[in-house]
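Colleague: Sharing a structure below in structure tokens format, with a few things to ask.
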Amino acid sequence: MKSCRKWLAGFLALVLAGLLAAGALVVWVDPFFQYHKPLSRFPYLVDNQVNQNPGLAKNMDYEGVLLGSSMTASFNTDWFEEKMGIKTQKLSYNGSYPKDLANIMDLVFSAKGDGVKAVFMAVDQGTLSGGVEETKFPITDYLYDDNPLNDVQYLFNKEVLLDYILRPLADPKDRSDWSVLYRPWWTDEYYNKTNVLMYYEPAPEAEASMDKAYFLDAVEKNLEQNLCPYFEAHPETEFYLFYPPYSILYWNDVVRRKELDAVTEELVYTTRRLLSYDNVRVFCFLGVEEIVCNLNNYADYIHYHEDTCRYITDCFVSGQQEVTQENCEEVFEALKELALTYDYESIWEDWQDPRPRFYQGQGG
Amino acid sequence: MLFNSYLFILLFFPLCLAGFYLAERRGKAALAKLWLLLFSFWFYGYANPYYLWLLLGSIGVNYGAFLLLLRLKGKKSAKAVLAAGICLNLGALFYFKYYDFFAENLNRLFGSQLALKQLLLPLGISYFTFQQIGFLADTYRGKTRRCAVLEYALFVAFFPRLVAGPIVTFEETVPQFEQIGRRRFSWEKLTKGLYLFTLGLGKKVLLADTFGAAVDFGYGNLSSLNGTDAVLVMLFYTIQLYFDFSGYCDMARGAGHMLGIDLPVNFGSPYKASNLVEFWKGWHITLNRFLLQNIYIPLGGNRKGRVRMYCNLVLVFLVSGLWHGAGWTFLFWGALHGVVYAGTRWVQGRIRIRQGAKAAKVAATFLFLNVSWVFFRAESLAQAGALFSRMVRGGFGLPSSGICDGFNLGEFWYPMKALGIASLPGSGMYLCAAFTLFALVILFACKNAGEMEERFSPKASNLVLTAGLFLWSLLSLSGVSSFLYFQF
């Protein structure tokens, strides 16, 4: 009996000591930034948007945030500070749905309150009509809520210890650059027409046209629940919303699926609704021909080069490509015209394009 | 609630143990039992409180039928009460588990328009339904006696065995619940229980879930598998299921021991079996006992001739298949086992196979099990066929990275990097091979966890190993995981 008691006491002591050590290490380094700002000398690896964005939103110093899908991943947040004087934190979610944006805005505004000067947000037409509760990936509740009890899942977590504390220490060259978090792995060589066409497969052609109002109900619900409440609750914050410049191949798919009327109707409806708020500005890059018709700007049929991101940032300052209540119809009519009349067949006539990338070496 | 969760390990179980023993030590037996019962309800209702009402209703109705059966003992009307009790239990089980399966097939067969209910299957419904049917039958046969509602509720809801067995009998548990408050506390039982629980936790979290990742990948990407991948997916599911279910059984018995309650052994070393009859003596032992006592024997067992016996055996396995899941794959799996089991019984006694052939017999049984588990895992017979087709038509090749990636756990990255192994050709497959070899050694050459618990004596070496395994498993809980046997 005595030996069993000693064994049990030893077991408890070892397990408690192990848990204490693991928990203390996680709290001290805090690789998901749940408790404090990053340590100045630790080589943090930031590559997990779902798990690391909430902590970044809670504890980093910033006045503005960059939100959206992978359409925001190539931005350098230093540009916002240099050009607009707004220290900005990138909080992208690849493939994000409006609910993903709402989730992170909850954390941003609860952490900073009225201190958020600007929200820069990519608005993806394809996800605006998703389910109002739909998120791209399952949310790790314990990182998003305020319940300290479920933090055990973070504190006693092998992956946090091994992949985000010990591994960066063993391999510090992987440390993340805070200005270009989540930057895609594509280097400049991947941004060319040949590469884009190699991996692009046109969408199957639909037989019947999609009803013009097809997306409107779902879009309205998403605006009502996931976006507009934040515009209303934070009049002190300027929201810069932009439709990212997908390549002309995206529009080839839209036309082949016979969705063009429905898509433009959705865009006009969404834009008018967004512009009804004084603190919302909308920029549309969908039909900027210098960008979308030059496949050298892309690594695949939608992902554009960081030069284009720099141009978008410059437009926030200059007001170029801004959509207003006055020019709204005109902008989307022009987009429709481009999508309808573009000679898509000619794209495959030559797999190489001698034109340089748009905005290459400009801005800055 | 899962055994392999932070909530269970860090809060629920320590709190349950502390309150239970505190009440028992102070002589408050009723309070200790009530404490255990309330924790059992918390355990069951945690995921879906709505189904707690189903459990409570089931306990209430069956306890009522039990009292009525005791009162009508020896009278003709007792049979009617038993029949009504069985019908009510099976009715609930049918409604929640089988309605959609039958409606779907009737619709397909007769073009009817029966609406599907798409109900979420209540956890462990097959277990507590079968256990209570067995209990009513035992009461009818005079094998039980009067017990208080608290003990009866614990008999049904005792959390270590509530959602995935073992299926216990009145005599195995109720007398132990009645002893609460009158027994001596055992440090040895507590220690051994903790040891067994830890072994089960490690099996589930570190082995079953690791193999499970490869299996999920395989079934999710059938069309891209080569022949080697397909064979490995089949083998890995066989391994996963073993560690998953035996891990659960070890944790259930371990938790029971820590509370001073002995649960029957539900799992031996089934893959060491040299034929299917032996296999079923070591796999899900208490379910087989239930089916033997309540289906095989009432049908006549082996008393009505050999042909009838073989038919009865096949029928028992068809019921077992249907018990495991409402689908054609499970029925097919049951039929396959029934036919081979009956065939084995036919061969036994007719053909004498020399002793030296044991290894070949074990290998042949293991191969059959591998094949049969494919139907157990596949979502449809077509999917099972697709996996077999990939084995034949997929061609030989090295295992794909999707199969191997799940084995490349972070904790092995450091030693592999330090030893320079990580940069060797094909290093992505080394851990997959090492895990497989390790698992096969455990399956075929090691004592099972129950035997290890019996031989356990407290030493410094097993203290460090057990605490290390416990910590490693606890820190590995971050992934989403569920027990395969919960769905039954």
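The values are calculated or read from the model by the stated rules, or taken from the named source; none is laboratory data. Just so you know, these numbers come straight off a predicted model, no measurement behind them. As a convention, Cβ positions derive from the backbone with ideal geometry for all residues, glycine included, and neighbour counts pool all protein chains shown.
Colleague: What helices (runs of 4 or more DSSP H) lie completely within the range B:75-144 and have 1 or more residues being in contact (Cβ under 8 Å) with a residue 40 or more places away in the chain and closer than 24 Å to residue B:178 by Cβ?
Modeller: B:77-93, B:125-140
Results for (1) closer than 19 Å to residue A:60 by Cα; (2) modelled with pLDDT of 95 or more, shown as yes or no for each residue.
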| residue | (1), (2) |
| --- | --- |
| A:90 | yes, yes |
| A:95 | no, no |
| A:99 | no, yes |
| A:104 | yes, yes |
| A:109 | yes, yes |
| A:119 | yes, yes |
| A:142 | yes, no |
| A:145 | yes, no |
| A:157 | no, no |
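Colleague: Next question. May I ask you to list the residues in the range A:74-93 that are in contact (Cβ under 8 Å) with a residue 60 or more places away in the chain and under 23 Å from residue A:30 (Cα atoms)?
Modeller: Residues satisfying the conditions are A:77, A:90, A:92.
Colleague: Among the residues of the range A:137-149 satisfying the criterion of being within 11 Å of chain B (Cβ to nearest Cβ) and surrounded by fewer than 16 Cβ atoms within 10 Å (Cβ to Cβ), which is nearest to residue B:413 (Cα to Cα)?
Modeller: Selected residue: A:138.
Colleague: Further, regarding this structure: Evaluate the range B:404-424: report whether one residue or more is buried (at least 19 other Cβ atoms within 10 Å of the Cβ), touching a helix residue (DSSP H, G or I) at 6+ places or on another chain (Cβ under 8 Å), more than 14 Å from every other protein chain (Cβ to nearest Cβ) and assigned to a helix (DSSP H, G or I).
Modeller: The answer is yes, given that some residue of the range B:404-424 is buried (at least 19 other Cβ atoms within 10 Å of the Cβ), touching a helix residue (DSSP H, G or I) at 6+ places or on another chain (Cβ under 8 Å), more than 14 Å from every other protein chain (Cβ to nearest Cβ) and assigned to a helix (DSSP H, G or I).
Colleague: Name every residue in the range A:337-364 that is of a type in the set (D, E, K, R) and more than 27 Å from residue A:313 (Cβ to Cβ), in order of residue number.
Modeller: Within the range A:337-364, A:337, A:343, A:345, A:349, A:350 qualify.
Yes/no per residue for (1) outside any helix (DSSP H, G or I); (2) under 26 Å from residue B:286 (Cβ atoms); (3) of a type in the set (Ser, Thr, Tyr); (4) assigned by TED's automatic domain parsing to the domain that holds residue B:219:
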| position | (1), (2), (3), (4) |
| --- | --- |
| B:318 | no, yes, no, no |
| B:339 | no, yes, no, no |
| B:365 | no, yes, yes, yes |
| B:372 | no, yes, yes, yes |
| B:379 | yes, no, no, yes |
| B:384 | no, no, no, yes |
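Colleague: Kindly indicate which of B:13, B:8 is within 14 Å of chain A (Cβ to nearest Cβ), aromatic (Phe, Trp, Tyr), part of a helix (DSSP H, G or I) and more than 17 Å from residue B:164 (Cα to Cα). I'd like the intermediate steps shown before the answer.
Modeller: Numbers: B:8 fails: more than 17 Å from residue B:164 (Cα to Cα).
One residue alone meets the criteria, B:13.
Colleague: Just checking, how many residues over the range B:224-254 are small (Gly, Ala, Ser) and under 12 Å from residue B:403 (Cα atoms)?
Modeller: Matching residues across the range B:224-254 total 2.
Colleague: Let me ask you something else. Of the residues A:269, A:277, which single one is closer than 16 Å to residue A:322 by Cβ, without any contact (Cβ under 8 Å) to a residue 60 or more places away in the chain and over 22 Å from the mean Cα position of the chain (by Cα)?
Modeller: None of the other options fit; the residue is A:277.
Colleague: Tell me, please, whether a residue that is at pLDDT below 90, surrounded by 14 or more Cβ atoms within 10 Å (Cβ to Cβ) and in the same structural domain as residue B:232 (by TED's automatic domain parsing) can be found in the range B:435-443.
Modeller: Checked the range B:435-443: no residue is at pLDDT below 90, surrounded by 14 or more Cβ atoms within 10 Å (Cβ to Cβ) and in the same structural domain as residue B:232 (by TED's automatic domain parsing).
Colleague: Now a separate question. Select from the range A:154-210 the residues that are surrounded by 14 or more Cβ atoms within 10 Å (Cβ to Cβ), within 14 Å of chain B (Cβ to nearest Cβ) and either under 23 Å from residue A:292 (Cα atoms) or among the acidic types (Asp, Glu) (or both) and list them in ascending order.
Modeller: A:159, A:163
Colleague: Quick check, is residue A:224 buried (at least 21 other Cβ atoms within 10 Å of the Cβ), under 22 Å from the mean Cα position of the chain (by Cα), in a helix (DSSP H, G or I) and charged (D, E, K, R)?
Modeller: no
Colleague: Sticking with this one: Could you give me the residue pairs with C-beta distances under 6 Å whose first residue belongs to the range B:377-388 and is closer than 20 Å to residue B:101 by Cβ, whose second residue is among the charged types (D, E, K, R) wherever it lies, and which are 6+ apart or on separate chains?
Modeller: Listed pairs, sorted by first residue: none to list.
Colleague: Ok, one more. Does the range A:72-93 contain at least one residue that is in contact with a strand residue (DSSP E or B) (Cβ under 8 Å, 6 or more places away or on another chain), within 21 Å of residue A:303 (Cα to Cα) and charged (D, E, K, R)?
Modeller: yes
Colleague: Quick check on the range B:20-31. Is at least one of its residues without any contact (Cβ under 8 Å) to a residue 60 or more places away in the chain and either in contact with a Leu (Cβ under 6 Å, 6 or more places away or on another chain) or among the polar types (S, T, N, Q) (or both)?
Modeller: yes
Colleague: Give the range B:68-90 a look and list any residue that's under 23 Å from the mean Cα position of the chain (by Cα) and surrounded by fewer than 16 Cβ atoms within 10 Å (Cβ to Cβ), or say none.
Modeller: Listed by number, the list holds a single entry, B:90.
Colleague: Taking residue A:46 as the residue in question, decide whether it is surrounded by fewer than 20 Cβ atoms within 10 Å (Cβ to Cβ), of a type outside the set (Lys, Arg), more than 14 Å from chain B (Cβ to nearest Cβ) and within 27 Å of residue A:115 (Cβ to Cβ).
Modeller: Spelling it out, it is not the case that residue A:46 is surrounded by fewer than 20 Cβ atoms within 10 Å (Cβ to Cβ), of a type outside the set (Lys, Arg), more than 14 Å from chain B (Cβ to nearest Cβ) and within 27 Å of residue A:115 (Cβ to Cβ).
Colleague: Scan the range A:295-303 and give yes if some residue there is modelled with pLDDT of 95 or more, in contact with a Leu (Cβ under 9 Å, 6 or more places away or on another chain) and part of a helix (DSSP H, G or I), otherwise no.
Modeller: yes
Colleague: Where the second residue is part of a strand (DSSP E or B) and the first is at negative phi and lies in the range A:108-120, which pairs have Cβ atoms under 6 Å and are six or more apart or on separate chains?
Modeller: A:108/A:65; A:117/A:64; A:118/A:64; A:118/A:238; A:119/A:65; A:119/A:239; A:120/A:66; A:120/A:240
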